[in-house]
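Novice: Quick one: this structure, given as structure tokens, is what I'll be asking you about.
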Amino acid sequence: MTANVAGYLLQLLASRWLGVAGFSEFASLLAVQLLCAVPALAMQNVVAREVVHGADIRAVRAMQWRCAALVAAVAVVLVPVVAGVLHVGVWAAAAALGAAPALVVLSGEQGILQGGNHFRALAAVLALAGTARVAPALIALVLGGGAAGALWAAAAGIVCAAFVAGRIARTTSAAGPPLDRSSGPSAGADSTGRGSETAADSRGHGADPAMAPWRRGGDPATNSSTSPTSGAGVSRRGARLPSPAPDNSPTDLVSQRANSAGEPKYRIGVLPVLRAVQVQAALMALSSADLIVVRIVLDDTEASQYSLGTVATKIAFWLPQAVGVVLYPRMAQAAHSGRAIRDALSVLSLIGIVAVLGAAVAAPLAPLFAGRDYAPIQGMLWVFALHGAILAVLQGALLSAIAVERTALAALTWLGLAVEVVLMLTLADSIGTLITTAVSVAAVTTVLVALVVLRTAGRATPAADPAISDRSFL
């Protein structure tokens, strides 16, 4: 809530300080920055899933830095492209893209906390990140730095937040599991919170009794701790596996066992992150495409009015984000996935209804906060909120797809994006037709994706068999 409110405050104040003409550029660059955050969102989801499945934290962080380097390289290439497409300066485009690598690192640390059920520490990091991003940007706007200066200041704040988040994650991991404290620190863990496979498997799982058999790898009455010396291991789904194979023939790419020197034998590849990236990219593109198209089909005044209306969309979209954050670790567990997915979609739908009603009631206050120039859109704010509420449900459905590694489901969202862009470019000629098109396409896409997700919820996932897991040596 703190992070989201800070983000909305930035957009509201920027709309007043930059004026109707200047805010369109700033909003479009923020949309680009959101698209650049796609790898970061995917990183958090993949890291959380790997931590739930017992991955070694050092291997997770190594993968995190490899992905950050790749994102930095891509960002450099995209700077002139963004500058040309949006008709903005290269400095402003670089400011929008400059935070992308730091966001990847920050999100990786958040994923470690999320997968380990360290939600109190995660809450602190999320609030810190939101504040560190917005406060410097507001100062830059007050000092007359314009859109580019504000975005560069925000990027600097994100770098600082990533550093602090890493310290918090390491301290929290070293302190041991957040729950089940009666059993003491994880066996085999060293002073950094990393240790044997037993320690990795026990770290970060909640105290819900229904989850206890999964955490221990089977029936609590018959199960014994799995260690490198035990005769048979336990898979991350709770199924018995054969005895560990020789070092050069691993049977499980998920459990990142350590060698005698304390280094992980296997790396977590970037391929799972890339698969999650295309899911997140589809969602973020669908939620942001209208902000980019609006600068093409409408004039600067209407584009700025539409951009302010999307603040209601973002509120309805990001308000229930905590639902997915908290339920995601359960979605990644085969025994609890179906129930967690149904709970998430139900709660997201309910919150969406409340958000739409709230937008309708609060609509007359919009000109008071944003200025009279934005009065023409106050009667449509509930439609903007409906757009965000629908996208929030779609986000929950796609998160479950990442959790159970059914990322091919994103194809429906990509198809919806293509249809939306074509319809907007050919039919939309006003604020009303633009937002109506966005809502209609989002609704159809969400219904299709949710139906597929609910139909497959709770089934055994392909990754339950290590032989066909999507982990790789990349």
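The values are calculated or read from the model by the stated rules, or taken from the named source; none is laboratory data. Values in this document were obtained by computation on a predicted structure and should not be read as measured data. With ideal geometry, Cβ positions are generated from the backbone for all residues, glycine too; neighbour counts draw on all protein chains shown. What goes into the accessible areas is simple: the full protein's heavy atoms, side chains included, and nothing from ligands, DNA or RNA. Shrake-Rupley method; radii C 1.70, N 1.55, O 1.52, S 1.80 Å.
Novice: Using r as the Cβ-Cβ distance of ALA127 and VAL419, and R0 as 56 Å, what FRET efficiency do you calculate, to the nearest 0.05?
Specialist: After rounding to 0.05, the efficiency reads 0.90.
Novice: Accessible surface of LEU106 in the full protein assembly, 1.4 angstrom probe, to the nearest 10 Å²?
Specialist: LEU106 has an accessible surface of roughly 10 Å² with all protein chains in place.
Novice: Given an 8 Å cut-off on Cα distances and at least 6 residues of separation, report the relative contact order of the stretch 1-134 as a percent.
Specialist: 41 percent.
Novice: Please report, for the Cα atoms of the stretch 65-142, the Rg to one decimal and the Dmax as a whole number; what are they, in angstrom?
Specialist: So, for the stretch 65-142, Rg and Dmax equal 15.2, 44 Å respectively.
Novice: In addition: So how far, in whole Å, is the C-alpha centre of the stretch 99-135 from the one of the stretch 332-359?
Specialist: Between the Cα centres of the stretch 99-135 and the stretch 332-359 lies a distance of 22 Å.
Novice: At 1.4 Å probe size, put SER346, SER288 in order of accessible surface, largest to smallest.
Specialist: Ranked list, largest accessible area first: SER346, SER288.
Novice: Report the dimensions of the stretch 268-372 along its three principal axes from the alpha-carbon atoms, largest first, rounded to Å.
Specialist: 53, 33, 17 Å, listed from the longest principal axis down.
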